[in-house]
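This report refers to the structure that appears directly beneath it.
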Amino acid sequence: MPVPIHPRPFTTDKDISSAEFWARSFVEREETFGWLRKNAPVSWHPPLQTPELLPEVHGEPGFWAVVRAEDVAFVSRNHEMFSSDSKKHGRSVMFRPTDPSLVPSPTFLTMDPPEHTRYRRIMSAGFTPKAVNRLRGLIEQRAARIVDRVMGAGEIDFVTEVSAKLPMMTVADLVGVPEELVETFAEAGDRFVGADDPEINGGTDRTQFAMQQIRVLREIGLDLVRHRRTHPTDDIATALAQAEFDGKPLSDDDIQSAMLLLSVAGNDTTKQTTSHSVVQLWKHPDQKAWLTEDFDGRIAASIEEFIRHASPVVEFARTATQDLELGGQEILAGDKVVVFYASANRDEEVFDEPHRFDLRRTPVPHYGFGGGGVHFCLGNGIAKAQLRALFSNILTKLPDMRVGEPEMLQSEFIHGIRHLPVVIPN
Amino acid sequence: MKIKVDRGRCTGIGICESVAPDYFEVGDDGGLVLLREHIDDPQRAEVEDAVRACPALALSIVED
């Protein structure tokens, strides 16, 4: 379906579209977002520069940048006005323009209610506080093993040896992947997410590489769901096996999509928050000591600040379904509206000294799980349980770890750390 | 004072349960169970926090 083109002038001279802008550091980019929050809270920009995709092919005329916390919340909560439906609008919820002819199998991430509600409900029972508590023992066991493995290891990359390990294993556990397949599943998920990185795809064609990983996740997912039809337990594979819409079970493609969604949503996010928080605790030894002093009493609130400060998901996009006014601007039906969670997490109207990593902040009404509404991060409880388990181990077992300079991920989507050299003395 | 749940908005996320487990519990089917409707004075602040924390804006406090 063609996207309506509304030619209109760009409302500021601030560039948040070029590849060059997004190659800059988070802090540098934040200067621009800070200016926008103050002077142009809703602003129209050219589409994100995509060297690999011609503007004539993606057909996007531009996007509205929503950068204030209050407006990010408004857009997020009003899904009738700001749709995620990728089929209807011919575009995904990604900031990065995509080729409209290559529409991936939809997941509830790119649906609106009522369809969204039905699909999300299939998995949501696996993410309730009670369900998270049932998984807690296993998460803690895995976290302990991961950290134990690096005690006294000397110089290592904290990202590959620690941060990256737990999230995909937890996804595997949620799904119900049998122990002997967990590593294969986890590796495929990690590789899928990192498929653009030549270090990870080994210089091969990134699309082929990604498809190989999709095949692994699909096969394991389908086998498991098939098995669960006759051997149900309380994992997500069982929920997928038992789901029915109008008397029909989920298709193989639906199951594959679910595996991919979990592998993407549940992977980079927790991994990045772990790495960022290790860096911040190193930069603020007084706060590290404060947290260690009363871990059980202070970790819950600290985790909220970990997430706010790391802000691993920088933004998502919506499509306006009607003409409306926001931030003094006239938004037209069909316009792409991008909500910048990372900017909301630095909104000086909400957070005192927003750039400051401050574990004593309370409350921390951050936007790390989105701006609220029906798409609020389903995995929020699982993420927090993992962070708690990891940092309990890190603070007690690696107290003398020395942290080097992070190598940052270059991405307009994920605020990430690619490598983090650390030294763990004996 | 008592708690009101907008069932149309509630999707069983469970932040309320993490904040005020005496009042809110998300069942194994993913639906919210309101354990207690009326708020005890000493727990008023905790319940208010839970109400404020709901990402779906499904909770409110009303006069009896």
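Take the residues in the stretch A:137-168 that are more than 21 Å from the chain's Cα centre (by Cα) and charged (D, E, K, R); name whichever of them is farthest from the other protein chains (Cβ to nearest Cβ).
The selected residue is A:Glu155.
Restricting to the stretch A:116-135, name every residue that is away from chain B (no Cβ under 11 Å) and either surrounded by 15 or more Cβ atoms within 10 Å (Cβ to Cβ) or on the phi > 0 side of the Ramachandran plot (or both).
A:Tyr119, A:Leu135
Can you tell me how many residues within the stretch A:24-45 are surrounded by 13 or more Cβ atoms within 10 Å (Cβ to Cβ), in a helix (DSSP H, G or I) and out of contact with any helix residue (DSSP H, G or I) (no Cβ under 9 Å at 6 or more places or on another chain)?
Within the stretch A:24-45, residues that are surrounded by 13 or more Cβ atoms within 10 Å (Cβ to Cβ), in a helix (DSSP H, G or I) and out of contact with any helix residue (DSSP H, G or I) (no Cβ under 9 Å at 6 or more places or on another chain) number 1.
Restricting to the stretch B:20-60, name every residue that is assigned to a strand (DSSP E or B) and away from chain A (no Cβ under 12 Å).
B:Leu34, B:His38, B:Leu59, B:Ser60
Out of the residues in the stretch B:1-19 meeting the condition of being aliphatic (A, V, I, L, M) and part of a helix (DSSP H, G or I), tell me which one is farthest from the other protein chains (Cβ to nearest Cβ).
In this case the residue turns out to be B:Val19.
Taking A:Val171 as meeting all but one of (1) more than 14 Å from chain B (Cβ to nearest Cβ); (2) surrounded by 20 or more Cβ atoms within 10 Å (Cβ to Cβ); (3) more than 19 Å from A:Lys384 (Cα to Cα), write down the number of the exception.
Every listed condition holds for A:Val171 apart from (3).
How many residues, within the stretch A:378-404, are in a loop (DSSP other than H, G, I, E, B) and out of contact with any strand residue (DSSP E or B) (no Cβ under 9 Å at 6 or more places or on another chain)?
Of the residues in the stretch A:378-404, 3 are in a loop (DSSP other than H, G, I, E, B) and out of contact with any strand residue (DSSP E or B) (no Cβ under 9 Å at 6 or more places or on another chain).
Just the residues that are assigned to a helix (DSSP H, G or I) and either at pLDDT 95 or above or surrounded by fewer than 23 Cβ atoms within 10 Å (Cβ to Cβ) (or both), please, taken from the stretch A:176-185.
Across the stretch A:176-185, the qualifying residues are A:Glu179, A:Glu180, A:Leu181, A:Val182, A:Glu183, A:Thr184.
Going by the structure shown, is B:Arg44 over 18 Å from A:Arg120 (Cβ atoms) and more than 10 Å from the chain's Cα centre (by Cα)?
So B:Arg44 fits the description; yes.
Return the residues of the stretch A:34-85 that are among the β-branched types (Val, Ile, Thr) and more than 16 Å from A:Asp99 (Cα to Cα); say none if nothing qualifies.
Correct list: A:Val42, A:Val66, A:Val67, A:Val72, A:Val75.
On the basis of being part of a loop (DSSP other than H, G, I, E, B), surrounded by 22 or more Cβ atoms within 10 Å (Cβ to Cβ) and in contact (Cβ under 8 Å) with a residue 40 or more places away in the chain, does A:Arg318 make the cut?
Criteria not met by A:Arg318.
In the stretch A:257-311, what residues are at pLDDT 95 or above and not in a helix (DSSP H, G or I)?
Once the filter is applied, which keeps residues that are at pLDDT 95 or above and not in a helix (DSSP H, G or I), the stretch A:257-311 yields A:His284, A:Asp294, A:Ser311.
Scan the stretch A:261-279 and give yes if some residue there is over 16 Å from the mean Cα position of the chain (by Cα) and either in contact (Cβ under 8 Å) with a residue 40 or more places away in the chain or within 30 Å of A:Ser25 (Cα to Cα) (or both), otherwise no.
Yes, the conditions are met somewhere in the stretch A:261-279.
Which condition from (1) assigned to a loop (DSSP other than H, G, I, E, B); (2) more than 30 Å from A:Asn393 (Cα to Cα) is the one that A:Ala241 breaks?
(1)
So, in the stretch A:50-83, how many residues would count as being without any contact (Cβ under 8 Å) to a residue 60 or more places away in the chain and either touching an Asp or Glu at 6+ places or on another chain (Cβ under 8 Å) or not in a loop (DSSP other than H, G, I, E, B) (or both)?
5
Looking at (1) surrounded by 21 or more Cβ atoms within 10 Å (Cβ to Cβ); (2) at pLDDT 90 or above; (3) farther than 20 Å from A:Glu140 by Cα, can you tell me which one A:Thr233 breaks?
(1)
In the stretch A:203-220, which residues are in a loop (DSSP other than H, G, I, E, B) and either in contact with a helix residue (DSSP H, G or I) (Cβ under 8 Å, 6 or more places away or on another chain) or of a type in the set (Asp, Glu) (or both)?
A:Asp205
Could you please find all residues in the stretch A:405-426 being under 17 Å from A:Gly266 (Cα atoms) and assigned to a loop (DSSP other than H, G, I, E, B)?
Correct list: A:Phe413, A:His415, A:Gly416.
Could you list, in sequence order, the residues of the stretch A:366-377 that are facing chain B (nearest Cβ under 8 Å) and either closer than 24 Å to A:Lys288 by Cβ or in a loop (DSSP other than H, G, I, E, B) (or both)?
A:Phe369, A:Gly372, A:Gly373, A:Val374, A:Phe376
Being of a type in the set (D, E, K, R), modelled with pLDDT of 90 or more, under 25 Å from the mean Cα position of the chain (by Cα) and farther than 24 Å from A:Leu135 by Cβ, is that true of even one residue in the stretch A:204-216?
yes
Determine, yes or no, whether A:Ile200 is under 20 Å from A:Leu409 (Cβ atoms) and assigned to a helix (DSSP H, G or I).
Answer is yes for this residue.
The values are calculated or read from the model by the stated rules, or taken from the named source; none is laboratory data. As the structure is a computational prediction, the values presented were derived from the model and not from experiment. Heads up, the Cβs are rebuilt from the backbone with ideal geometry, glycines too, and the neighbour counts pull from every protein chain shown.
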